[in-house]
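Data first, discussion second: the structure below is written as structure tokens.
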Amino acid sequence: MEPLISIENLKKHYATPAGDVEVLKGVNAKIFSGEMVSIMGPSGCGKSTLLYILGMLQSATSGRYQIMGQTVSGLNSRRSAEFRRKNLGFVLQSCNLFEHSTVVENLEYPLIYGKISKGKRKQIVKKALQQVGLSHRIGHPTNRLSGGEQQRVAIARALVNQPAVIFGDEPTGQLDRKTGDMVMNCFKQVAAGKNRAVVLVTHDMDIARRCDRQFVLSDGILQEK
Ligand code: ADP
Ligand code: MG
């Protein structure tokens, strides 16, 4: 089976006043459709850096990156942005929703941006909310939802473009255990969808254990546990 994501010898340096810092020293990984994988590692080891490179929000210094068989390392910024919008989704630690808008409005924004017609938008939003178990909250102002519900709305928002990969950077970091569990169930279901994978950065061992595969980033190298 072809991997959904394939990275080879990925390196990332940051230039700092104190000199060059090599955060990623040659990272290799293959992630397959249907998988939910975790990336753990000590604070400052480069987890977010790796996730942002995988999510095409940042570029690597060198190395090869392929998604769905397409080489995306080396795309210019316009092409990268387009590829990202069509194929990738993000859920961050704080959900970054427009809190004075309703749930449906939050989910519609990326679709309006993608020039999807109104009728189609409604259909897509309904389906995304169903997937996260929040159909009954469609008209709710976002700031009246609980933390767990807000994070599930963020997952639904990531889903509306039908991304191949959803990336989460400590997506349960601000939730209590029970709420975090619900959010993880949600991710699990999302990952089980056709032609899709979920990549989560976490420092929580229990969260990592719920993933199909677990990676640890340490000293700039990624290893599977
Ligand atoms: P983690 O998410 O594992 O805590 P990060 O990826 O945020 O780690 O950061 C890894 C290292 O790279 C840290 O030492 C951090 O200070 C450094 N770093 C991150 N972003 C930059 C940047 N834009 N410029 C310089 N150094 C950076
Ligand atoms: Mg981080």
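Data overview
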{"item": "Formal net charge of residues neighbouring residue 48 (Cβ-Cβ distance under 12 Å; K, R +1; D, E -1)", "result": "0"}
{"item": "Nearest 10 degrees, 0 to 90: helix 177-192 Cα axis against the chain principal axis", "result": "80"}
{"item": "The stretch 1-97, accessible surface, carbon-and-sulfur percent (1.4 angstrom probe)", "result": "49"}
{"item": "Whole-Å semi-axes of the stretch 1-130's equivalent ellipsoid (Cα gyration tensor)", "result": "31, 18, 15"}
{"item": "Pair residue 22, residue 99: separation of 7 Å Cα→Cβ label points (nm)", "result": "4.3"}
{"item": "22 Å Cα-Cα reach of residue 126 towards lysines, excluding residues that sit fewer than 8 places from it in its own chain", "result": "86, 115, 118, 188, 194"}
{"item": "All-pairs alpha carbon distance profile, the chain, 10 Å steps from 0, percent", "result": "8, 33, 35, 19, 4, 0"}
{"item": "Neighbour cut-off at most 10 other Cβ (10 Å), DSSP loop, trypsin sites (Lys or Arg not before Pro), the stretch 87-132", "result": "115"}
{"item": "Farthest positive-ward along the stretch 30-125 dipole, Cα basis, beta-carbon charges - from 66, 109, 38", "result": "66"}
{"item": "Size of electric dipole in the chain: Cβ of Lys, Arg +1 and of Asp, Glu -1, about Cα centre, debye, nearest 20", "result": "980"}
{"item": "Cut-off 12 Å, label 7 Å out along Cα→Cβ of residue 177, residues of the stretch 187-218 by amide N", "result": "206-207"}
{"item": "The chain - mean residue ellipticity at 222 nm from DSSP helices (-39,500 (n - 2.57) per run, n ≥ 4, rounded to 500)", "result": "-10500 deg cm²/dmol"}
{"item": "Per residue accessible area of the chain, 1.4 Å probe, in Å²", "result": "50"}
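The values are calculated or read from the model by the stated rules, or taken from the named source; none is laboratory data. Note that this is a predicted model, so its numbers are computed, not measured. Cβ: placed from backbone, ideal geometry, glycine included. Neighbour counts: every protein chain shown. Side chains included, ligands, DNA and RNA excluded: accessible areas come from the protein's heavy atoms. Shrake-Rupley method; radii C 1.70, N 1.55, O 1.52, S 1.80 Å.
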